[in-house]
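The values are calculated or read from the model by the stated rules, or taken from the named source; none is laboratory data. Here the structure is a predicted model, which means the values were calculated and not measured. A quick note on method: Cβ atoms are made from the backbone with ideal geometry, for glycine too, and the neighbour counts reach across all protein chains shown. With ligands, DNA and RNA removed, areas are computed over all heavy atoms of the protein, side chains included. Shrake-Rupley method; radii C 1.70, N 1.55, O 1.52, S 1.80 Å.
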Amino acid sequence: MNLSQFRIAVLVPCYNEEATVGTVVRDFRNTLPGAEVYVYENNCVDRTAEMAAESGAVVRSERAQGKGHVVRRMFAAIEADIYVLVDGDATYDASSAPRLIHKLIAEQLDMVVGVRVDQSEAAYRRGHRTGNRMLTGLLSLIFGRAFKDILSGYRIFSRRFVKSFPALSNGFEIETELAVHALELSLPVGELETLYFARPVGSSSKLNTWKDGLRIVATMLKLYRSERPLHFFACIAAGLAALSIGLAVPIIITFLETGLVPRLPTAVLSMGLMIMGMLSVSSGLILDTVTRGRREMKMLAYLALDVPVSSRAARPTSLERPDEMVCLRS
């Protein structure tokens, strides 16, 4: 498949990556000759911008600190048919990009995630690997489906996905938000394994295992509350109801035996917990209706954009006449 017919943008968010950004830019320019490489420096205090520019990238800046802010700015500002999002730390395999793009086009997908296959213990530390598995399992438990590697920073997107994605995250939790957005709208997505290397000498990770891991868990819970409010508040209601019944059973037994309610404060507490549970369910029902409306608006925004690049690239069959073909926006 000839990729030169598509506008491909390689998006590289960077924070103090002068040791690696030049390699990343050159590798992707060699692998995808027709692509434009954009490097967004995020308040860097080293020579990241200079090294990226010298290597042939278009360099821009985002002053709001955090990967989520950078991705939001990239998605809003850059126009392309296919977007390649990759970290600037030279840990991802640039030569895998054509395979990922071909999968996106051939299978008419909106997102393809590069599943990391580490080449050394230093590439993917045991703590990060365990954390990724736990977070992936939590996502699967909450939303019913999940990706093999929800925290991968190597992703391919269609224009439809990028321009209809309401990015709200500020930091490294942006990958989780991307996954949940795709799952909630049942968008066509796929995964392919790609090599994952250790950081080169002189390059250090900006990821804080515990701090960023907790932020990702908090993001999942927020998305759980906003995207599945009925289930979220029903679980709270079930807990409150169980506690209420547990407190009420001894009181009911005593009343049946003696006709008295000696522990009135406990009875009031039990009744209050049950009322709170009912209010929780009611809130979930109301918010579920609101969420459905929001989801419909997201889908309408998605459908209002151009068709996937694969459909645009498809050629008419011999049975189609030119006057019967529908012209698509470029």
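Every residue, every condition in (1) among the polar types (S, T, N, Q); (2) over 37 Å from the mean Cα position of the chain (by Cα), yes or no:
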residue: T254; (1), (2): yes, yes
residue: L260; (1), (2): no, yes
residue: R263; (1), (2): no, yes
residue: T266; (1), (2): yes, yes
residue: L273; (1), (2): no, no
Name the residue, out of L100, L139, L109, that is surrounded by 19 or more Cβ atoms within 10 Å (Cβ to Cβ) and at pLDDT below 80.
-> L139
Please tell me if L214 is in a helix (DSSP H, G or I) and either over 34 Å from the mean Cα position of the chain (by Cα) or not aliphatic (A, V, I, L, M) (or both).
-> no
Got a sec? Which of V70, V25, V12, V84 is closer than 20 Å to S169 by Cβ, part of a helix (DSSP H, G or I) and either modelled with pLDDT of 95 or more or touching a strand residue (DSSP E or B) at 6+ places or on another chain (Cβ under 9 Å) (or both)?
-> V70
Given the conditions (1) of a type outside the set (A, V, I, L, M); (2) open to solvent by 70 Å² or more (accessible area, probe 1.4 Å); (3) at pLDDT below 95, which single one is not true for N43?
-> (2)
Sole residue being touching a Ser or Thr at 6+ places or on another chain (Cβ under 8 Å) and either touching a residue at least 60 places away in the same chain (Cβ under 8 Å) or not acidic (D, E) (or both), chosen from L178, L168, L183, L192 | L192
Is there a residue in region 314-325 that is surrounded by fewer than 14 Cβ atoms within 10 Å (Cβ to Cβ), assigned to a helix (DSSP H, G or I) and at pLDDT 90 or above?
-> no
Identify, please: which residue in region 146-192 is outside any helix (DSSP H, G or I) and farther than 20 Å from L104 by Cα and is, among those, modelled with the lowest pLDDT?
-> F172
Please work out if A49 is open to solvent by 40 Å² or more (accessible area, probe 1.4 Å), more than 18 Å from S95 (Cβ to Cβ) and of a type in the set (A, V, I, L, M).
-> no
Any residue at all in region 252-265 that is farther than 30 Å from L185 by Cβ, small (G, A, S) and touching a residue at least 40 places away in the same chain (Cβ under 8 Å)?
-> no
Residue check, V12 against (1) crowded, with 22+ Cβ neighbours inside 10 Å; (2) without any contact (Cβ under 8 Å) to a residue 60 or more places away in the chain, all met but one. Which one?
-> (2)
